[in-house]
Amino acid sequence: MGRVALVTGGSRGIGAAISTALRAAGYSVAANYAGNDEAAAAFTSQTGIPTYKWSVADYDACVAGIGRVEADLGPVEVLVNNAGITRDAMFHKMTPQQWREVIDTNLTGLFNMTHPVWPGMRERRFGRVINISSINGQKGQAGQANYSAAKAGDLGFTKALAQEGARAGITVNAICPGYIATEMVRAIDEKVLSERIIPQIPVGRLGEPDEIARIVVFLASDDAGFITGSTVSANGGQFFV
């Protein structure tokens, strides 16, 4: 049994690719999910990776869910905060609920998940926290004031926590994917993809979930022990920081 890795939103899309890649690299992986029981069951059936259901927006649910994972697999040593939602609307039409739901999941969810595992990582003097932010947290995006704010907040969280964890052997890093060929992106109208989105990407294509997963595997490894507080932009050259 390798180190225990917990991936939120880990049964679909980028999260599924991350969970699968970590499993292939020798980690004992648990995949959290929030709502799609059918997809989670299919993922476990296909990969053998156990899934655990709870909302990262609920602190008490996170504490209980992490407790179940650790009872089954052992202490969480690698945490990948990947879970995220969108509630897009132009700001003048955005409701307080749309704002809160995105902030609660995409930003507060990082606190809710990291806080319970942090003491154990400090005691063991080893930990890897990898936060999946977004290109839109770096450059902003019309219609996504809530999402962009949350994902930008993820980067501040990463930089601050990296400074606290460094002397305890804990690294904290972020990845900012651009447009990745997930089910959600593939559902965009083909004309919009081909005429408006892909032309903005210098490499001329969408990214693949496995390309994000390979970054996670590296950042989780012992080889990445001197990398902390960093943001990896994986967007095909669409935006430079």
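Here are a few things to note about the model shown:
- When restricted to residues that are without any contact (Cβ under 8 Å) to a residue 60 or more places away in the chain and under 13 Å from Gly65 (Cβ atoms), the stretch 105-114 contains 1.
- Within the stretch 86-104, the presence of a residue that is of a type in the set (A, V, I, L, M, F, W, C) and without any contact (Cβ under 8 Å) to a residue 24 or more places away in the chain is excluded.
- Failed condition for Asp60, given (1) of a type in the set (D, E, K, R); (2) over 20 Å from Val185 (Cα atoms); (3) under 14 Å from the mean Cα position of the chain (by Cα): (3)
- Criterion: aromatic (Phe, Trp, Tyr) and surrounded by fewer than 19 Cβ atoms within 10 Å (Cβ to Cβ) - qualifying residue of Tyr59, Tyr52: Tyr59
- As for the stretch 126-133, it holds at least one residue that is in contact (Cβ under 8 Å) with a residue 40 or more places away in the chain, of a type in the set (Lys, Arg) and surrounded by 17 or more Cβ atoms within 10 Å (Cβ to Cβ).
- In the stretch 86-125, residue surrounded by the most Cβ atoms within 10 Å (Cβ to Cβ) [restricted to those that are part of a loop (DSSP other than H, G, I, E, B) and in contact with a Gly (Cβ under 6 Å, 6 or more places away or on another chain)]: Leu107
- Residue count, the stretch 20-57 (criterion: in contact with a Ser or Thr (Cβ under 7 Å, 6 or more places away or on another chain) and not β-branched (Val, Ile, Thr)): 10
- Segments classed as helices (runs of 4 or more DSSP H), wholly inside the stretch 127-241, with at least 3 members that are under 15 Å from the mean Cα position of the chain (by Cα) and of a type outside the set (D, E, K, R): 135-139, 145-165, 209-220
- Restricting the stretch 62-85 to residues that are part of a loop (DSSP other than H, G, I, E, B) and in contact with a helix residue (DSSP H, G or I) (Cβ under 9 Å, 6 or more places away or on another chain), the residue that is surrounded by the fewest Cβ atoms within 10 Å (Cβ to Cβ): Pro75
- Across the stretch 38-57, the qualifying residues are those that are under 17 Å from Gly9 (Cβ atoms) and assigned to a loop (DSSP other than H, G, I, E, B), and the one among them that is nearest to the chain's Cα centre (by Cα) is Val56.
- As a summary of the residue check, Gly35 satisfies the conditions (1) modelled with pLDDT under 95; (2) assigned to a helix (DSSP H, G or I) except for the one numbered (2).
The values are calculated or read from the model by the stated rules, or taken from the named source; none is laboratory data. Quick caveat, the model's predicted, so the values are computed rather than measured. Counting neighbours? That spans all protein chains shown, and the Cβs are built from the backbone with ideal geometry, glycine included.
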